[in-house]
Amino acid sequence: MNQIYAYVRVSTKDKNVARQLEALREFNIPKKNVCIEKMSGKDFNRPKYQKLIRKMKKDDLLYIKSIDRLGRNDNEIIEQWRFITKEKGADIVVLDMPLLDTRRGKDLLGTFISDIVLQLLSFVAENERSLIKQRQAEGIAAAKARGVKFGRPEMGLPENFHEIRKWWKAHEFNISVASELCNMPRSTFFAKVRRYEKSRNSFV
């Protein structure tokens, strides 16, 4: 008996799959055949996707909401599409693009049109990904130019830091005791001592 599957993907664990699941609801896909994966689409090394593809057989049907849910790399999308439809002999339906329904137009013209549409949409998906990365890089560069600092805010010096530093420098106690008294890791205490002394020496 032919099986109906669905592949649902979001790039991170924080993103919601509800919109994709809602779009797929009307097709009565068995719950056990709905593959939900929360991973980047930069490549196809995704455990759940690979497991799904291994399960699929000739004349099975795969639904996806949009082509970018399948992946982001245009060449790999086309390669996977042809693997599923030609080698596995299964069909694919892209809900957001009715022309990408391999159940229709299985003649030469239908296949030709599907291939053109697929290549165009795959290019758009990868191009959008590149634009997003470019915008992110430009935004970070602009923020840095304005003096915005990224990463964790630096831990301030405790009130007893200078006194403890002097005692440690005078070998009154070792770095383990000094860092514990300042309530910070040994590496942090040592780094802050070096930074403080470097800044002080620059004014000498």
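At-a-glance table
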item: Every pair of residues 6+ apart whose Cβ atoms lie under 8 Å, when the first sits in segment 123-148 and is assigned to a helix (DSSP H, G or I) while the second is at pLDDT below 75 and exposed (fewer than 12 other Cβ atoms within 10 Å of the Cβ); result: Ile140/Phe150; Ala143/Phe150; Lys144/Phe150
item: Every residue from segment 85-97 that is more than 27 Å from the chain's Cα centre (by Cα) and in a loop (DSSP other than H, G, I, E, B); result: Lys88, Gly89, Ala90
item: Of residues in segment 163-186 being under 17 Å from Glu197 (Cα atoms) and charged (D, E, K, R), the one nearest to the chain's Cα centre (by Cα); result: Arg186
item: Any hit, segment 149-160, residues being at pLDDT 70 or above and under 36 Å from the mean Cα position of the chain (by Cα); result: yes
item: Which numbered condition Arg54 misses (of (1) free of Cβ contacts under 8 Å to residues at least 12 places away in the same chain; (2) within 20 Å of Val10 (Cα to Cα)); result: (2)
item: Any hit, segment 72-80, residues being surrounded by 15 or more Cβ atoms within 10 Å (Cβ to Cβ), in contact with a strand residue (DSSP E or B) (Cβ under 9 Å, 6 or more places away or on another chain), in the same structural domain as Leu95 (by TED's automatic domain parsing) and not acidic (Asp, Glu); result: no
item: All positions within segment 1-34 that are at pLDDT below 90 and in contact with a Gly (Cβ under 9 Å, 6 or more places away or on another chain); result: Ser11
item: Segment 159-175 residues that are at negative phi and of a type in the set (Gly, Ala, Ser), paired with ones that are surrounded by 13 or more Cβ atoms within 10 Å (Cβ to Cβ) and at pLDDT 85 or above (beta carbon under 7 Å, 6 or more apart); result: none
item: Verdict on Asp91 being farther than 13 Å from Tyr5 by Cβ, of a type in the set (Asp, Glu) and in the same structural domain as Ser130 (by TED's automatic domain parsing); result: no
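The values are calculated or read from the model by the stated rules, or taken from the named source; none is laboratory data. Just so it is clear, the model here is predicted, and its values are computed rather than measured. Quick reminder, even Gly has a Cβ in these numbers, built from the backbone with ideal geometry, and neighbours come from all protein chains shown.
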